[in-house]
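Asker: First the structure, which I've put down as structure tokens, then a few questions once you've had a look.
The values are calculated or read from the model by the stated rules, or taken from the named source; none is laboratory data. None of the values given here were measured: they were computed from a predicted structure. Neighbour counts are summed over all protein chains in view; Cβ atoms, including those assigned to glycine, are modelled from backbone coordinates with ideal geometry. Calculation scope for accessible area: heavy atoms of the full protein, side chains included, ligands and nucleic acids excluded. Shrake-Rupley method; radii C 1.70, N 1.55, O 1.52, S 1.80 Å.
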Amino acid sequence: MLWLAMAVLSAFFAGLTAILAKCGIQRTDSDVATAVRTLVVLAFSWIMVLVVGSLDTISTISARSLCFLVLSGLATGASWLCYFKALSLGDVNKVVPIDKSSTVLSVLFAIVCFGETAHLPVKLAGTALLTVGIFLMLERKPSAAIQRSGGHWAAYAVGSAVFAALTSILAKVGIADVESNLGTAIRTCVVLAMAWLVVFVKGKQGEVRHIPHRELIFILLSGLATGASWLCYYYAIQNGLVSVVVPIDKLSLLITVAFSYLVFGERLSRKAGLGLALMTIGTIAMAVWS
């Protein structure tokens, strides 16, 4: 059951990622921040490959696995770009729940694509609780920052959720016969290329030199947190059930909500608090009875 513990650690580090990233994009462009932090994730990933000694197996990766790893990396890159743009425009407590709605899609995809139908009533009930919880967390009065964004943050948040759901399914197929750390490192190369391509296409490369030192530190720390979360997550995905791992990983919302209150003073309404409770209950139910 090590994969369950790794899924929990993935959630913890993912929760830290959102807060650290939000601190790093107060004045820094979100595309630039994404590209810079991906450098940290890439370095972290390949160091772990060297530590576990799986580099020698790279020549044995099948064309099918490599294809799905690349597609997973592209989906991750798209999800990141949407996610951090949404964070730069809206409240953490509104962006993150929408992003976490990818859980619902991932669970349904896992049931259909991988036949993960064990304890199906529990999974469907848990998914329903997640859906209701997400809806309740969105029933909040828009902040001044959100009103200024004109609602564009929501479109980016939805895009983040859709691409994140695709990431989990594509990665599950891609790392079927690949050591999880090596698979993570390979797909991070794709994310890095995509992130920097966006920066250069938009002509933002010159902004890298002007990132405030304090925000740069938070961006780098968010990269480390992401790297740790990914390594735990894809180990859990490879060795466990997608329909269980993904909901546990999304419990990072608890960490994010707690820190968003402490750091940014973003409070939850009673409805949002009830929504968070339902999401937590649904997730725990799927983890315990699956």
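Asker: Please indicate, with yes or no, whether at least one residue in the range 101-119 is at pLDDT 85 or above, under 19 Å from A18 (Cα atoms) and either touching a helix residue (DSSP H, G or I) at 6+ places or on another chain (Cβ under 6 Å) or of a type in the set (K, R) (or both).
Answerer: The answer is no; no qualifying residue exists.
Asker: Got a sec? Which of L69, L55, L124 is within 28 Å of S243 (Cα to Cα) and touching a residue at least 60 places away in the same chain (Cβ under 8 Å)?
Answerer: L69
Asker: For the range 21-63, which positions are within 16 Å of L220 (Cβ to Cβ), assigned to a helix (DSSP H, G or I) and not hydrophobic (A, V, I, L, M, F, W, C)?
Answerer: K22, G24, S30, T34, R37, T38, S45
Asker: Is one or more of the residues making up the range 245-252 among the basic types (K, R), over 17 Å from S72 (Cα atoms) and over 21 Å from the mean Cα position of the chain (by Cα)?
Answerer: No, every residue in the range 245-252 fails to be among the basic types (K, R), over 17 Å from S72 (Cα atoms) and over 21 Å from the mean Cα position of the chain (by Cα).
Asker: Further question on the same structure: Which residues, counting only those in the range 6-50, are open to solvent by 30 Å² or more (accessible area, probe 1.4 Å), more than 30 Å from L89 (Cβ to Cβ) and in contact (Cβ under 8 Å) with a residue 12 or more places away in the chain?
Answerer: M6, V8, W46, M48
Asker: Still on this structure, I have one more. For P142, only one of the following conditions fails: (1) modelled with pLDDT of 85 or more; (2) assigned to a loop (DSSP other than H, G, I, E, B). What is its number?
Answerer: P142 satisfies all of (1) modelled with pLDDT of 85 or more; (2) assigned to a loop (DSSP other than H, G, I, E, B) except (1).
Yes/no per residue for (1) closer than 23 Å to W80 by Cα; (2) surrounded by fewer than 24 Cβ atoms within 10 Å (Cβ to Cβ); (3) modelled with pLDDT of 80 or more:
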residue	(1), (2), (3)
W230	yes, no, yes
A236	yes, no, yes
G240	no, yes, yes
V245	yes, no, yes
K250	yes, no, no
V263	yes, yes, no
E266	yes, yes, no
K271	no, yes, yes
L274	no, yes, yes
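Asker: Within the range 148-194, track down each residue that is touching a residue at least 60 places away in the same chain (Cβ under 8 Å), part of a helix (DSSP H, G or I), charged (D, E, K, R) and open to solvent by 10 Å² or more (accessible area, probe 1.4 Å).
Answerer: K172
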